[in-house]
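Notes follow the structure.
The values are calculated or read from the model by the stated rules, or taken from the named source; none is laboratory data. Everything numeric in this text was worked out from a predicted model, so none of it was measured. Here the Cβ positions follow ideal geometry from the backbone for every residue, glycine too, while neighbour counts run over all protein chains shown.
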Amino acid sequence: MAKKKTIINKASEKFLEAYLNNASPTGFESSGQQLWLDYIRPYIDEHFVDTYGTVVGVINPDAPYKVVIEAHADEISYFVHYITSDGYIYLKRNGGSDHQIAPSKRVDIHTPKGIIKGVFGWPAIHTRTPGKEESPTMKNIFLDVGAKDKAEVEKMGIHVGCVVTYEDTFMVLNKDWFVARALDNRAGGFMIAEVARLLKEEKTALPFGLYITNSVQEEIGLRGAQMIAERIQPDVAIVTDVTHCTHTPMMNKIENGDVAAGKGPGVTYGPAVQNNLLQRIIDTADAEKIPLQRMAASRFTGTDTDAFAYSNQGVASALISLPLRYMHTTVEMVHRDDVENCIRLILATLKNIEPGEDFKYIR
């Protein structure tokens with residue numbers, strides 16, 4: 001079988017790199033949102049931004065039937081919480097930041113004066129007692145910015161409430177693996193932006209309004225999606241996020257399912273996922289020969305799908321997931337083929353939706 005045409009070109013990969021390298025912590029997503037909006041601007045008819053920073057690009061804004069494709073823009077981070085008298089900094093999580101990876105990491109502290117560099121310090125191995133070593137916790141990890149005391153820290157512009165992100169940046173491993181912090185879920189933002197680009201380049205005329213939505217504040221409880229769902233009031237929502245690749249060491253498939261990076265997008269079965277819309281996605285994948293993996297969720301998906309599904313008296317919603325290695329670390333990894341197949345699947349599904357469809361079970 002002939003290899004499918006490549007979707008990600010040099011220009012879009014350059015955008016992906018810039019977008020991933022830019023910090024977009026929960027509650028402070030504005031600079032990343034500006035990058036994203038500037039990229040999609042040529043491919044949309046109009047856009048709007050809500051009070052907390054969710055950005056929506058709209059195609060066919062006057063159409064009464066509304067379809068959302070959505071990702072979330074925020075990344076996990078920390079807040080400066082306490083500065084000691086001798087100049088060390090303790091933190092609070094902003095989202096699900098993993099304290100165990102922190103020791104020896106370099107960070108960017110975002111202050112009114114600009115970025116201040118710092119490091120997570122940790123006692124040298126020589127000074128620790130085997131068998132009695134402390135594990136990293138939020139009570140003992142700390143930042144060192146090279147200051148002699150609290151006054152010098154504050155003189156740098158660092159204060160309680162400053163947000164802190166890891167400085168790790170984008171790279172490509174073995175040609176086909178994208179590695180970065182915050183692929184969860186700026187990879188999703190990239191994918192829906194590429195859908196907008198391809199619709200424009202292919203001159204596809206959709207018979208409904210398409211709302212390309214990059215939501216804020218997912219990492220602290222789907223808050224951005226909750227707000228924007230009420231504003232848009234869509235008929236259909238197709239959400240994209242990441243899911244765990246369970247084909248790496250120390251992953252338990254019994255607990256986390258059998259999902260492999262490089263083997264295609266994942267779709268989820270669960271109460272928040274509207275089954276008829278899900279079947280439309282599966283049928284589309286079959287028709288387009290797009291590889292697909294299946295997952296099950298219990299009470300909730302843990303993604304913005306839940307927020308859209310239960311809004312506005314119920315919105316037909318489904319989730320398309322990108323397999324990801326090492327979630328919530330600074331070396332998150334996704335396979336190029338999965339990214340492209342997610343884009344293909346979203347694009348093809350949009351072409352299989354007719355205005356007026358309600359996806360109801362009972363007639």
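Observations on the model:
- Single match in Tyr19, Tyr82, Tyr43 (criterion: over 29 Å from Thr204 (Cα atoms), modelled with pLDDT of 95 or more and among the aromatic types (Phe, Trp, Tyr)): Tyr82
- Extreme residue, farthest from the chain's Cα centre (by Cα), among residues of region 218-271 that are surrounded by 22 or more Cβ atoms within 10 Å (Cβ to Cβ) and free of Cβ contacts under 8 Å to residues at least 60 places away in the same chain: Thr268
- Pairs where the first residue, in region 104-122, is among the charged types (D, E, K, R) and the second is in a strand (DSSP E or B) and at pLDDT below 95, C-beta under 9 Å, 6+ apart: none
- In summary, Trp122 fulfils each of the numbered conditions (1) farther than 30 Å from Lys263 by Cα; (2) surrounded by 21 or more Cβ atoms within 10 Å (Cβ to Cβ); (3) hydrophobic (A, V, I, L, M, F, W, C) with the single exception of condition (2).
- Test result for Gln313, more than 22 Å from Ile192 (Cα to Cα) and either free of Cβ contacts under 8 Å to residues at least 12 places away in the same chain or not in a loop (DSSP other than H, G, I, E, B) (or both): yes
- Positions within region 39-60 being in a loop (DSSP other than H, G, I, E, B) and of a type outside the set (A, V, I, L, M, F, W, C), in sequence order: Asp45, Asp50, Thr51, Tyr52, Gly53, Thr54, Asn60
- Ala151 being at pLDDT 95 or above, assigned to a helix (DSSP H, G or I) and exposed (fewer than 15 other Cβ atoms within 10 Å of the Cβ): yes
- Residue within region 165-177 that is part of a loop (DSSP other than H, G, I, E, B), surrounded by fewer than 24 Cβ atoms within 10 Å (Cβ to Cβ) and aromatic (Phe, Trp, Tyr) present: yes
- Selection of region 315-363 for residues being of a type in the set (D, E, K, R) and more than 30 Å from Asn21 (Cα to Cα) yields Lys351, Glu354, Glu357, Asp358, Lys360, Arg363.
- Every listed requirement among (1) in a loop (DSSP other than H, G, I, E, B); (2) surrounded by 24 or more Cβ atoms within 10 Å (Cβ to Cβ); (3) assigned by TED's automatic domain parsing to the domain that holds Val56 is met by Arg186 save one, (1).
- Of all residues assigned to region 217-230, none qualifies as being modelled with pLDDT of 95 or more and under 21 Å from Asn341 (Cβ atoms).
- Among the residues listed as Arg128, Arg93, Arg106, the single one being in contact with a strand residue (DSSP E or B) (Cβ under 7 Å, 6 or more places away or on another chain) and surrounded by fewer than 15 Cβ atoms within 10 Å (Cβ to Cβ): Arg106
- Subset of region 27-70 that is of a type in the set (Asp, Glu) and crowded, with 22+ Cβ neighbours inside 10 Å - its residue that is farthest from Asp241 (Cα to Cα): Glu29
- Filter result for Ile158 (within 28 Å of the chain's Cα centre (by Cα), assigned to a loop (DSSP other than H, G, I, E, B) and buried (at least 17 other Cβ atoms within 10 Å of the Cβ)): yes
- Across region 104-120, not a single residue is classified as at pLDDT 95 or above, touching a Pro at 6+ places or on another chain (Cβ under 9 Å) and not in a strand (DSSP E or B).
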